[in-house]
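Below is one structure, written out as structure tokens; the observations come after it.
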Amino acid sequence: MEKLAIFGGKPVRETPIYYGRQCIEQDDIEMVTRTLQSDLITGPGPKGEEAERKLCEITGARYAVLVANGTAALHLAAMAAGFGEGDEVIVSSITFAASSNCVLYCGARPVFADINPETYNIDPESVKRLITPKTRGIVAVDFTGQAVEHEALWQICRENGLVLIEDAAHAIGTKYNGRPVGSLADMTCFSFHPVKTVTCGEGGAVTTNDEKLYRRLLRLRTHGITRDRSEMAHPTDAGWYNEQVELGYNYRLTDFQAALLVSQMSKLNRFSQRRKEIVKRYDRAFSEMPELFLQKEIPESDTTRHLYVIRLNPERLTCDRKQFFDALRAENICPQVHYLPVYWHSYYEKLGYEKGLCPNAEAYYEWSMSIPLYYSLTDAEVEDTIRAVRKVTEYYKK
Ligand SMILES: *Cc1c(COP(=O)(O)O)cnc(C)c1O
């Protein structure tokens, strides 16, 4: 048997590849430099407006509000939802901490729902069990890009008067029953961080079909200051007058970042197709390996995948997740783990959350990792990744 690189063998690749990376092309760069030479370099400017229109086109949402990053999008959505002191909001347990931090920013308490053990998305049955008279909303994450179970979640929200915020940081380009993510929840939050499917460095957005929420989001993005007389306590026709009517933030995106986003969004179909091709190639290679579990797709989701997760089958392997992870890394295929159950972070531990809350999430975490998936991954790199996964699996298999 071939010796693993971690034990002094020859690695599958000479140079490392990582789980994600951006693709910036010449025309992206030109769009940014042109905007830098224009009169307005911060938002809201012409490129920001164009990006918002484009995002509405992609998602089918009536309104889009561009913000500084995905975390800011979640923060404003949670504020616009009206979450506050004494409220509970149900959040996916396998996600980036920002999905739940936005609830804490508002003074409300995140309550963690377990995941479905096969799709890894929030389990509507677990959500149902957590509802109390204090529950005000749900933050549901389209994990790896797969759409959450909208129908079930909508029914729960209707029956209990809850606000549904969708954290679609992974899911631009995904459709649920033919309808694009971004127009399905009360508010949908996007991130344009460099590992996500389209990027503008740092950036984010909230989409909604509700005009009231839209107006509130716009105001919160700029300090809570309004120029709309109908929103003022002391309206006047003085041309200079604007009024702060609530406590907001400066969460604007610069217009040259918005320019990059416009350019990137015009490539979404191409980016999405390539990601789908790579997912198919991995699925074919790994589906016959009983040592690995693959993420199950619900038929309603036409997924633009952001992450490709492999989950080890402990019954078939002699190694633990760390050994597998380190062995892959030594082959120069650098995986990452997405994610630690949020309430395992020591900050949450200090808030009183305990291990054992979400058994499916915890079991998922112990055995999973994400392998490289991004637009510019070459066929040869995809093959290297498959070879490395096979090599490590072969070595540790029972
Ligand atoms: C990336 C990400 C965020 C945060 O987005 P930023 O733009 O980095 O602030 C939130 N939720 C999830 C699930 C993410 O993957």
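Brief remarks on what is shown
- In terms of its alpha-carbon gyration tensor, segment 12-103 comes out oblate; a/c meets the 1.5 threshold, while b/c is at least as large as a/b.
- Of the residues Leu253, Leu247, the one with the fewest other Cβ atoms within 10 Å heads the list, and the complete ranking is Leu247, Leu253.
- Per-residue extension of 0.36 nm, minus the Cα-Cα distance of Trp240 and Leu351, leaves a gain of 35.4 nm for this segment.
- For Val91, the residues whose amide H sits under 5 Å from its own are Val111, Phe112, Ala113, Val139, ignoring neighbours fewer than 5 places away on the same chain, with H placed 1.01 Å from N.
- Applied to segment 104-117, the Karplus parametrisation 6.51 cos²θ - 1.76 cosθ + 1.60 on θ = phi - 60° returns per-residue 3J(HN,Hα) values of 5, 3, 8, x, 8, 10, x, 10, 8, 8, 6, 9, 6, x Hz, with x for Gly and Pro.
- Inter-site label distance for Lys398 and Arg179 at 7 Å from Cα along Cβ, in nm: 4.5
- Note: relative contact order over the chain, using C-alpha pairs below 8 Å and six or more positions apart, is 24 percent.
- Taking a ≥ b ≥ c as the square roots of the eigenvalues of the Cα gyration tensor, segment 26-265 is classed as oblate, since a/c reaches at least 1.5 and a/b does not exceed b/c.
- Projecting the Cα atoms of Ser266, Ala238, Tyr18 onto the dipole axis of the chain, where Lys and Arg carry +1 and Asp and Glu carry -1 at the beta carbon, places Tyr18 farthest toward the positive end.
- Taking Cβ atoms as reference points and 9 Å as the exclusive limit, the residues near Glu88 contribute a net charge of +2, counting Lys and Arg as +1 and Asp and Glu as -1.
- Neighbour-count order for Glu354, Glu394, fewest beta carbons within 10 angstrom listed first: Glu354, Glu394
- With neighbour counts taken as other beta-carbon atoms within 10 Å, the residues Asp302, Asp379 rank, fewest first, as Asp379, Asp302.
- Along the axis of the charge dipole computed for segment 253-398 (Cβ charges of +1 for Lys and Arg, -1 for Asp and Glu, origin at the Cα centre), the listed residues Leu294, Leu253, Pro359 are led at the positive end by Leu294.
- Euclidean distance between Cα centres, segment 215-255 to segment 92-114, Å: 28
- With Cα atoms, 0 to 90° folded angle of helix 150-160 axis to the chain main axis: 50
- The distance between label points at Glu50 and Arg227 comes to 2.1 nm (points 7 Å beyond Cα on the Cα→Cβ vector).
- Given charges at Cβ of Lys, Arg, Asp, Glu: segment 45-187 dipole, positive-most of Val181, Val111, Thr59: Thr59
- Legend: calculated FRET efficiency, Leu40 to Glu277, from the Cβ-Cβ distance at R0 = 41 Å, rounded to 0.05, equals 0.60.
Values quoted throughout were computed directly from the atomic coordinates according to the rules given, and no laboratory measurement underlies them. Keep in mind it's a predicted model, so treat the numbers as computed, not measured. Every residue, glycine as well, gets a Cβ built from its backbone with ideal geometry; the counts of neighbours run over all protein chains shown.
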